[in-house]
Amino acid sequence: MSTASSLHQSRKRKNAVMMTLCVIAAGIGLAWLALILGALVYKGTAGLSLDVFMQMTPPPGDAGGLLNAIYGSVVMTVIAVIVGTPIGVLAGTYMAEYGRFSKLTTVVRFINDILLSAPSIIIGLFVYELMVRPMGHFSALAGSVALAILVIPVVVRTTEDMLNLVPNALREAGTAIGAPRWVVIKSVAYRAALSGIVTGILLSIARISGETAPLLFTALNNQFWSSNLNAPMASLPVTIFQFALSPYEEWQQLAWTGALIITLTVLALSIFARSLTGRREDK
Amino acid sequence: MSAVQEALPAIRGSRDATVRRFALTDAIFHGLTRAAAILVLVLLGGVAISLFAGSWQALSTFGFSFLTSESWNPVTEKFGALAPIYGTIVTSAIAILIAVPLGIGIAIFLTELCPRPLRRPIGMAVELLAGIPSIIYGIWGLFVLAPFLQTTVQPFIIGVFHGIPGLNSLFAGPPYGIGLLTSSLILAIMVLPFITSITKDVFDTVPPVLKESAYGIGCTTWEVTRRVVIPYTRIGIMGGVMVGLGRALGETMAVTFVIGNAHRISTSLFAPATTISATIANEFTEAVGDLYTSSLVALGLILFVITFLILAIARYMLMRIDARTGA
């Protein structure tokens, strides 16, 4: 009897210990997030002023802003999304609609998942070999292409997942009234999956807006205002990289402020994207 | 009557034309989507080919010794990848060692312990960690974590292990703040959300009846987790760990900030080192000479091959758990 009750006690104790460890693990995860965001807000807001959005990146030891870097980031992100989204949506459409059961789809899904987690610096090297080396100079265009390659797998994945969630009865109803396949896809499937596909695009923007590695040797950097797509262009992440590693205090402050701007943008985008599809998950 | 009969051919004709038009537009759309899908394959193939072509000069100059040589000397143009490969593997391995218990712990917390209303916010907070760009982790690691480690943790650990053989070379000074261990810590935070969310997802695939029958015979929560949930989801957890490992191996910017970029292999975890991606990020735009550039691309090729294999294994494991649940 006493051994049974002591066994019971030790099992209960073990359970309590392990469960406490799990709670601590969750606590560590959340505390880490709080630490990073706290430091970011604390150091970032110190340099936040209207000048950041109105002035160019300064020479060392001078005050200035991040206007050209923000502009460059926006331009390259927009081009990347315009190039990458249609390709991603079309490929996702093939996988969920025309080729749902084809072998090609299985292969593409596998490769796409690998592209999704592939190191982004490899994409930078690829675009360097593909565009920068033949053209002979760094350019914003090459940076945009590198970012577009990062957009594609995210959009492919979400488009396929979301189209697969559309009930087949809807497609059959469309086909029954004589609509050809592409009309069914365009007017029925896309419409039903719209919020999901938009989520995918937003998530891809969130992903590329903080990417630094693929821009380092494609778009390079530029200390001045440039809207020439065929020339090096500044971007927020590369500017942060350069400024944070510099010994100048003004530059380091701007790096923190830029980091805060990027993080807030990315968090806002991903929370908004999740809220678009959140209602469905709750069911 | 006769009027209808006269109109019939015209109706048939226009119907045939419409059907033909539909068939044509459908074929075009079908072709477009198919081409886009194939483009995804071409992209990965293009990456492999261009990296191979770009690294050809280095590989043909150094041959196999590129993998085994530690020297990295731009002046004499002698390049070997051993130090970056060592740094990449050590930082990733330590990061995984830290992140896996934490990630599984959080997943158990979320699926078994957490009150329902808190589940979604906490799960989302952990996933938000995944969304934070790596450069943010880098700047935080350089300005917040590294000075903290340098002034408090590292001197303490060096002092504790000072007289213990083996461990004293693993934790040898001086405390720079930046180095292998700092990079590992940053990487651990970065891969934590991936491991957590995949583990949580595979935990959710365990049929409730399995857990309920274990609870029914009197198991504690830990016993159910240890004897039922984890064995059932082992492949899925392994898949999640592999995805995390793939991330850690290729992570660039955060590591570049805190690794110290020193091309040498040191036994101490506090010593500055370098990784493949950090070397490329730091040196590529400054590389003068074709052989130097080519050697950096060759580093990229090695990284590509390693991560491709790891991620392929991860996908295979996760596909097996998907197949079992019929998803």
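Values quoted throughout were computed directly from the atomic coordinates according to the rules given, and no laboratory measurement underlies them. Please read these numbers as outputs of a predicted model, since none were measured by experiment. In this analysis, Cβ positions are derived from the backbone assuming ideal geometry, glycine residues included, and neighbour counts consider all displayed protein chains.
Structure summary
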read-out	value
FRET E, pair residue A:245, residue A:13, Förster distance 60 Å, beta-carbon r, rounded to 0.05	0.75
Amide proton proximity set for residue B:71, modelled H, under 5 Å, gap of 5+	B:80
Efficiency of FRET from Cβ geometry, residue A:21 and residue A:275, R₀ 30 Å, rounded to 0.05	0.35
Inter-probe distance in nm under a simple model that places probes 7 Å from Cα toward Cβ, at residue A:3 and residue B:57	7.6
Span-rule helices in chain B, defined as complete DSSP H runs reaching 20 Å or more along the axis (Cα) with Kyte mean at least 0.0	B:2-62, B:82-108, B:116-131, B:180-203, B:234-250, B:290-325
Ratio of Rg to Rh over segment B:1-62 (Cα coordinates, Kirkwood Rh, two decimals)	1.62
Gyration tensor (alpha-carbon) shape descriptor, chain A, a/c threshold 1.5	oblate
Global geometry of the protein assembly as shown, whether rounded, prolate or oblate, following the gyration tensor of its Cα atoms and the 1.5 cut on a/c	oblate
Label-to-label distance, nm, for residues given as residue B:161 and residue B:70 (7 Å Cα→Cβ offset)	1.8
Shielding by partners, peptide A:182-190 (average Cβ within 10 angstrom, other chains)	2
Peptide B:23-36, shielding by other chains (average Cβ, 10 Å cutoff)	6
Rounded, prolate or oblate (a/c below 1.5 giving rounded, otherwise prolate when a/b exceeds b/c) for segment A:176-283 by Cα gyration tensor	oblate
Peptides A:100-108, A:185-193, A:118-126 ordered by average Cβ neighbours within 10 Å, highest first	A:118-126, A:185-193, A:100-108
Segment A:217-283: chymotrypsin sites (Phe, Trp or Tyr not before Pro) in DSSP coil with no more than 16 other Cβ atoms inside 10 Å	A:224, A:225, A:248
Inter-centroid distance (Cα atoms) of segment B:32-109 relative to segment A:102-161, Å	16
For residues of B:247-258, the mean tally of beta carbons on other chains within 10 Å	4
For segment B:216-240 and segment A:223-283, distance of Cα centres in Å	40
Hz values of 3J(HN,Hα) by residue in segment A:40-54 - Karplus curve (6.51, -1.76, 1.60), Gly and Pro given as x	5, 5, 4, 7, x, 5, 4, x, 7, 8, 5, 4, 4, 9, 10
Helix-derived mean residue ellipticity, 222 nm - over chain B, DSSP H n ≥ 4, -39500 (n - 2.57), to 500	-23500 deg cm²/dmol
Segment residue A:231-residue A:35, extension gain: residue separation times 0.36 nm, minus the distance between their alpha carbons	66.7 nm
